[in-house]
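Reviewing the structure listed below.
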Amino acid sequence: MGFLEGLFKSAARKIVSEVADGLAEEIQNIRRSGDTAGTEAVTATADSDEEDCCYEISVVRRRVEAVFAQEWSGYEVRRDIAAEEMGAPEGSYAYSYGLYLQGQPKAMVMILEGGAEYRRKGVKCAHKACEEKGVFCMNLLLHMPNRRSYISRQLKDNVR
């Protein structure tokens, strides 16, 4: 049974990945063609905080920034922070956002575009640097829904 279960899970993952890739490509084609009616529909769906992010980094960035602004207003937010600032080796993946309190980092967020990017050495080194300093670090993968509620809950549960 374990073999068949693994086979079905693998096939299901492949199908979901192909459908998601096709959807992302179709969205890009709509935008390139200048079809504003299609773009408005895609944008309206992608901007809803509880809808999937549709591979749109701008949607994920807006959600992260909204969570920071509404729920962490006493904190300083920094963008595009070199991992070396946290003590990671040169060449490590940069943090997309940092949440600071009185100049001290409390949380780092990395928005990763590739589905397997979280496995890269540079990303792992950046995470390890945060871990060694006791700073929460989270990945937001563009192929995942990245709902606002998820981002909010992860920060609330892990930032001390």
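Each value in this text was obtained by applying a stated rule to the coordinates, not by laboratory testing. Source: prediction; values computed, not measured. Glycine also receives a Cβ, built like all others from the backbone with ideal geometry; neighbour counts cover every protein chain displayed.
At full extension, Lys156 and Ile57 could sit 33.4 nm farther apart than now, given 0.36 nm per residue minus the alpha carbon distance. Here the label points at Lys133 and Arg120, each 7 Å from Cα along the C-beta direction, are separated by 2.0 nm in the simple model. As a calculated quantity, the FRET efficiency between Gln102 and Glu71 at R0 = 22 Å, using C-beta atoms, amounts to about 0.80.
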